[in-house]
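Just below is one structure, and these are the notes that go with it.
Nothing in this text is a laboratory measurement; each read-out follows from the coordinates by a stated rule. Just so we're clear, the structure is a prediction, and the values are computed from it rather than from any experiment. Because the Cβ atoms are built from the backbone with ideal geometry, glycine has one as well, and the counts that use them run over all protein chains shown.
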Amino acid sequence: MTKTMLSDRILRMQESATIKMAKMARKLAAEGHDVISLSLGEPDFDTPKHIKDAAKKALDDGFTKYTPVPGLVELRQAICNKFKRDNNLDFDLSQIVVSNGAKQSIANLSLALLNEGDEVIVLAPFWVSYYEIIRLGGGVPVVLHSGVEDDYKVSAEAIEEAITNRTKLIIFSSPCNPSGSVYSYDELKAIAGVVERHKNVHIISDEIYEYINFDEKHVSIGTFESVKDRTITINGFSKGFAMTGWRLGYMGAPEWIAQACAKMQGQFTSGANAFGQKAAAYALEADMAPTNVMREAFLKRRDLVINGLKEIPGFIVNYPKGAFYVFPDVSAHFGKVIDGFEIENSADFAEYLLQKAHVAIVAGSAFGCEGCIRLSYAAAEETLIEAVKRIKEAVLKLG
Ligand code: PMP
Ligand code: GLU
């Protein structure tokens, strides 16, 4: 079949830049190049053993069948307990939907809430998939910019100015992918104050990096009384428990939204896999020591990478307070030409580093921030040291 048989929907959609970069890095490596991939945001740690053991036991105990669409009661109860314990959020079982990753939770929301032309305010830099998922639901992403000079955070005033009578949702992640920035209590309170005045606006608060927060106690915007009934809190197991391949995420939402998402999921994928859910329920209530060990390792690596990148001419870096990314502004190098290769933007810069330094990173444009690049430091320290060295060498050649 020719490409013209494809739907307008898929033709309009951009491929995920993170996944595309990871694919290109794998291809170069398969051709025999020594490629360092800092492109895909995924912990390099294995899932903690006690969680894997719980999944094996669940398999042996016969958890091999369909589950209720919004998730096993046991897992939803563990999620309610977690929300109360860690976030001081009150949800009951009917407000929780477990999905095949937080990515699906966000897709469920887009498809269940948006009508053609509804506006969604997206705080940039933003996680790549928000943009296309919103468009898939017929929504119009309204991107609000912030740069390194703002510590990559958008102000409540800017949000207030952007709200129109078509605004339905605001979406952001904190700790943020790709910047690692964490919105403070006061910043979240100010955003909640704005949303409070606009009764038709709901917030999607993506807190998937909650457990990778180096400085402060995590704050959920849903704890502010005025927006608690208009906030959907997203979380998942991929980052904090190193369970990317298990595909398990969840939301806590007003009941009418949770029910709509479950209806959507019931037609698409049904409930997430049974034995994984059993292990996930166990993970939420078991010892958090392995998560804390991972966080400590990420912190050490952050400092190592930041200290290295700060030495590279033309790199402006902030101090990310969470997640496992750094997002330097490299726009000082745009406009340079080397060996006939013109670096006009972040995609060219990423391509240059991939081809010349064999380091895969992701262009900032994918996250709504053209001047920047994203590096994931979820890799071994030696690998990170080598990557920074290679990047520096390649950049010095640019002059
Ligand atoms: N939100 C953010 C901010 C992310 O970085 C990711 C990572 N892919 C996701 C959601 C989706 O995570 P998953 O589908 O693996 O739960
Ligand atoms: N969240 C990760 C990233 O940003 C995983 C890849 C993806 O799902 O896009 O790289």
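Assorted remarks:
- When the pairs 20/239; 189/321; 27/168; 57/228 are compared against a 29 Å limit on Cα-Cα distance, 27/168; 57/228 fall above it.
- Simple rule: put +1 on each Lys or Arg Cβ and -1 on each Asp or Glu Cβ in the chain, find the dipole, and look at 338, 266, 96; the Cα lying farthest toward the positive end is 266.
- P(r) tail, segment 217-333: Cα-Cα pairs separated by more than 25 Å, 47% of all pairs.
- Computed lengthening from residue 74 to residue 307, 0.36 nm per intervening residue step minus Cα-Cα distance: 79.4 nm
- When the P(r) of the chain is calculated, the portion above 34 Å amounts to 29% of the C-alpha pairs.
- With the Kirkwood sum run over all distinct C-alpha pairs, segment 112-230 has a hydrodynamic radius of 14.4 Å.
- Taking Cα centre as origin and charging only the Cβ of basic (Lys, Arg, +1) and acidic (Asp, Glu, -1) residues, the dipole magnitude of the chain rounds to 980 debye.
- Rounded to the nearest Hz, the phi-derived 3J(HN,Hα) couplings of segment 313-321 under the Karplus curve 6.51 cos²θ - 1.76 cosθ + 1.60 (θ = phi - 60°) are x, x, 9, 10, 10, 9, 10, x, 9, where x marks glycine and proline.
- With θ taken as phi - 60° and the Karplus curve 6.51 cos²θ - 1.76 cosθ + 1.60 applied, the whole-hertz 3J(HN,Hα) list for segment 382-387 is 4, 5, 5, 4, 5, 4 Hz, x standing for glycine and proline.
- Loop trypsin sites (Lys or Arg not before Pro), segment 167-216 (other Cβ atoms within 10 Å of the site Cβ: 16 or fewer; DSSP): 197, 199
- Secondary-structure-derived ellipticity at 222 nm for the chain, considering helices only, amounts to -12500 deg cm²/dmol, per-run term -39500 (n - 2.57) for DSSP H runs with n ≥ 4.
- Two-decimal Rg/Rh across segment 316-397, once Rg and the Kirkwood Rh are taken from alpha-carbon atoms: 0.95
- Near residue 336, the amide H atoms lying under 5 Å from its own belong to 343; only residues 5 or more places off or on other chains count, and H is placed 1.01 Å from N.
- Three semi-axes describe the equivalent ellipsoid of segment 1-58; taken as square roots of 5 times the Cα gyration tensor eigenvalues and ordered largest first, they are 32, 22, 11 Å.
- Amide H contacts of residue 72 (H built 1.01 Å from N, in plane; Pro and chain starts excluded): no residue 5 or more places away or on another chain comes under 5 Å.
- Temperature 37 °C, viscosity 0.692 mPa s: under these conditions the Stokes-Einstein estimate for segment 33-123, based on its Kirkwood radius over C-alpha pairs, is 194 µm² per second.
- Distance between segment 135-162 and segment 72-124 - C-alpha centres, whole angstrom: 21
- For segment 198-246, the Kirkwood estimate of the hydrodynamic radius, built from every pair of different alpha carbons, is 12.1 Å.
- Backbone amide hydrogens, once placed in the peptide plane, bring residue 373 within less than 5 Å of 330, 364, excluding anything fewer than 5 places away on its chain.
- The alpha-carbon of residue 217 sits under 12 angstrom from the alpha-carbons of these aspartates and glutamates, leaving out residues fewer than 8 places away in its chain: 86.
- Length-normalised contact order for segment 292-366 - Cα pairs under 8 Å, 6+ apart - percent: 17
- Binned Cα-Cα distance frequencies in segment 304-350 - 5 Å width, integer %: 5, 20, 27, 20, 16, 9, 4, 1
- Spatial separation of Cα centroids for segment 367-396 and segment 184-242, in angstrom: 29
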